[in-house]
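In what follows, a structure is listed as structure tokens, so that the remarks can point back to it.
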Amino acid sequence: MIDLKTVKGRIPRRRLLQGAGLALAAGLLPGYVSGTAAAARVVVVGGGYAGMSCARSLKQLDPGLQVTLVEPKQQYVCCPFSNLVISGQRDIGAQTFDYRAAIAAGVRHIPQMAMDADPVKQQLVLSDGQRLGYDKLVMAPGIHMDFTALPGYTEAASQIMPHAWQAGPQTTLLAAQLRAMPDGGTVVIVAPSNPYRCPPGPYERASLIAAYLQANKPRSKVLILDSKDQFSKQSLFQAAWRAEYGDMIEWRGLADGARVIRVDSQAMTLETDFDLVRADVANVIPPQRAAPIATTMGVADRSGWCPIDAASFASTLVPNIHVIGDAAIANAMPKSAFAANAQAKLCALQITRLLQGKPVLTSKLANVCYSLVTPDYGISVAGVYAPQDERWLEVAGAGGTSPLQAPAAVRQLEAEHARHWFAAISHEVFA
């Protein structure tokens, strides 16, 4: 498990504040809100970046709140930087965190699975039968792989064609398959239609796998079969691929007939609209939806995701429940760790105000997604978003991407910024 106790001393305070999200923009400072009704109970389901950020922010804002984190695991393995584990440049232990710091800050951790909720009695039902009362319930359950959406791709098939889109055993499985693949083999990455967690993730993964292959198995190839004709940072990625990897990476989009319509994990084949592709290693990233508990509790709609009132993150389907992070429909705001952290802080602020009988505030949020083309070549996209009723809309002209033409020093600096951001957010949330 990673030890973050010394991280803060190694990162300048300015960089920590840059990486920590929008605490200042959201007005989210310790003690900013106080005086909530005595013993108000807030239960948070999910111990990832969204859930942990919200639980800890609630205690910082109002130490008198009874904040409970419901998360069955004792450790969390995070997705940001996990592509470096797949490419052999990072250990999975560096991705692993626990909940001791939150417990020390006064958050109660119950290592149980949330099974259902009674919105009338305002009780959360746990896997051991316990009923946990709440005044506000925050859902941050993350994503679930939809194993019904792609014929042939079942949970059993994912043990042969890993998705590695939830960090942990799937990450190390895909890494091991790459090590075992002979030189001259083909790695096929299947990229899903929107929406899904971390829009630039499949293309960063292709880049870092190519870096591994270039150094160790130079006759090999990476083929991306995409269900879209456009993807995040496309021009930046494709220019970098040509410069760094030549023709090692091939991308085919929807117009090329590359949408995968069926897989056969035993034959290691992927059927597209016009072709049958055989892979030596297949990384199938399937369509996704909010975790099943969201459907069970009635906060997910027919899309499989959770509609919210944008400003407060309150569910539009069930009262006194808020939804943040990947499971929420945040429209233009991507599903990313940065966005989850920012949403969680703002949600915590709004909940403390609502518990006091105060109106919610209107606040913009930002998101920055870093991607690595090589361990020392970084690119990024940033956006600013404003709430309007049930939608988060992008603020025109407020974001942007890395310059298409930039010297190596700029790309190296962006890679350094990515590492600082990861260390800073992980320290803030888990240390």
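Go through Ala328, Ala348, Ala310 for me and flag whichever is closer than 30 Å to Met113 by Cβ and touching a Leu at 6+ places or on another chain (Cβ under 6 Å).
Exactly one of Ala328, Ala348, Ala310 is closer than 30 Å to Met113 by Cβ and touching a Leu at 6+ places or on another chain (Cβ under 6 Å), namely Ala348.
Surrounded by fewer than 23 Cβ atoms within 10 Å (Cβ to Cβ), touching a Pro at 6+ places or on another chain (Cβ under 7 Å) and either among the aromatic types (Phe, Trp, Tyr) or within 19 Å of Ala39 (Cβ to Cβ) (or both): is that true of Gly106 in this structure?
Judged against the criteria, Gly106 is a match.
Only one residue in Ala215, Ala180 is surrounded by fewer than 15 Cβ atoms within 10 Å (Cβ to Cβ), more than 19 Å from Arg278 (Cα to Cα) and either at pLDDT below 95 or of a type in the set (A, V, I, L, M) (or both), so which one is that?
Going through Ala215, Ala180 in turn, the sole match is Ala215.
Does the range 289-313 hold any residues that are under 15 Å from Ala50 (Cβ atoms) and assigned to a strand (DSSP E or B), and which are they?
Ala290, Cys306, Ile308
Being of a type in the set (Val, Ile, Thr), within 27 Å of Tyr370 (Cα to Cα) and buried (at least 20 other Cβ atoms within 10 Å of the Cβ): is that true of Val187 here?
Spelling it out, Val187 is indeed of a type in the set (Val, Ile, Thr), within 27 Å of Tyr370 (Cα to Cα) and buried (at least 20 other Cβ atoms within 10 Å of the Cβ).
For the range 101-111, name all the residues that are farther than 11 Å from Thr68 by Cβ and under 22 Å from the mean Cα position of the chain (by Cα).
Matches in the range 101-111: Ala101, Pro111.
Which of the following residues is buried (at least 19 other Cβ atoms within 10 Å of the Cβ) and at pLDDT 95 or above: Glu414, Glu394?
Exactly one residue qualifies, and that residue is Glu414.
Yes or no: the range 127-143 includes at least one residue that is under 30 Å from Ile249 (Cα atoms) and touching a strand residue (DSSP E or B) at 6+ places or on another chain (Cβ under 7 Å).
yes
Going residue by residue through the range 172-184, is there one that turns out to be out of contact with any strand residue (DSSP E or B) (no Cβ under 9 Å at 6 or more places or on another chain) and of a type in the set (Val, Ile, Thr)?
Yes, that holds for at least one residue.
Mind checking which residues of the range 165-217 are part of a helix (DSSP H, G or I), of a type in the set (D, E, K, R) and either in the same structural domain as Gln74 (by TED's automatic domain parsing) or more than 22 Å from the chain's Cα centre (by Cα) (or both)?
Arg179
Scan the range 120-141 and give yes if some residue there is surrounded by 20 or more Cβ atoms within 10 Å (Cβ to Cβ), β-branched (Val, Ile, Thr) and either part of a loop (DSSP other than H, G, I, E, B) or assigned by TED's automatic domain parsing to the domain that holds Val43 (or both), otherwise no.
The answer is yes, given that some residue of the range 120-141 is surrounded by 20 or more Cβ atoms within 10 Å (Cβ to Cβ), β-branched (Val, Ile, Thr) and either part of a loop (DSSP other than H, G, I, E, B) or assigned by TED's automatic domain parsing to the domain that holds Val43 (or both).
Can you tell me which residues in the range 374-431 are of a type in the set (A, V, I, L, M), outside any helix (DSSP H, G or I) and over 28 Å from Leu346 (Cα atoms)?
Hits for the range 374-431 are Leu404, Ala406.
Based on what the data block shows, is Lys364 surrounded by fewer than 24 Cβ atoms within 10 Å (Cβ to Cβ) and free of Cβ contacts under 8 Å to residues at least 12 places away in the same chain?
Against the criterion (surrounded by fewer than 24 Cβ atoms within 10 Å (Cβ to Cβ) and free of Cβ contacts under 8 Å to residues at least 12 places away in the same chain), Lys364 does not qualify.
Consider Asp98 carefully, then state whether it is under 18 Å from Gly47 (Cβ atoms), under 21 Å from the mean Cα position of the chain (by Cα) and surrounded by fewer than 21 Cβ atoms within 10 Å (Cβ to Cβ).
Answer is yes for this residue.
Run down Gln112, Gln95 and say which single residue is of a type outside the set (Asp, Glu), in the same structural domain as Ala55 (by TED's automatic domain parsing) and within 19 Å of Pro292 (Cβ to Cβ).
From the options Gln112, Gln95, the qualifying one is Gln112.
(1) crowded, with 16+ Cβ neighbours inside 10 Å; (2) at pLDDT below 95: which one isn't true of Ser34, the others all being true?
(1)
Do any residues in the range 245-274 that are assigned by TED's automatic domain parsing to the domain that holds Gly185 have Cβ atoms under 7 Å from those of residues that are at pLDDT below 95, where the two are at least six apart or on different chains, and which pairs are they?
Gly257/Asp273; Gly257/Phe274; Arg259/Asp273; Ile261/Asp273
Looking at the range 146-164, which of its residues are of a type in the set (A, V, I, L, M) and either part of a loop (DSSP other than H, G, I, E, B) or crowded, with 22+ Cβ neighbours inside 10 Å (or both)?
Ala149, Leu150, Ala156, Ile160, Met161, Ala164
Just checking, how many residues over the range 272-288 are crowded, with 16+ Cβ neighbours inside 10 Å and outside any loop (DSSP other than H, G, I, E, B)?
Looking only at that region, the number is 7.
Looking at the range 79-119, which of its residues are of a type in the set (Val, Ile, Thr) and either at positive phi or part of a strand (DSSP E or B) (or both)?
Thr96, Ile110
Would the range 341-363 turn up any residue that is more than 15 Å from the chain's Cα centre (by Cα), assigned to a helix (DSSP H, G or I), of a type in the set (Val, Ile, Thr) and under 20 Å from Lys136 (Cα atoms)?
Checked against the condition, which is being more than 15 Å from the chain's Cα centre (by Cα), assigned to a helix (DSSP H, G or I), of a type in the set (Val, Ile, Thr) and under 20 Å from Lys136 (Cα atoms), the range 341-363 yields at least one hit.
The values are calculated or read from the model by the stated rules, or taken from the named source; none is laboratory data. For clarity, every value in this text was computed on a predicted model and none was experimentally measured. Virtual Cβ from ideal backbone geometry, glycine too; neighbours counted across all protein chains shown.
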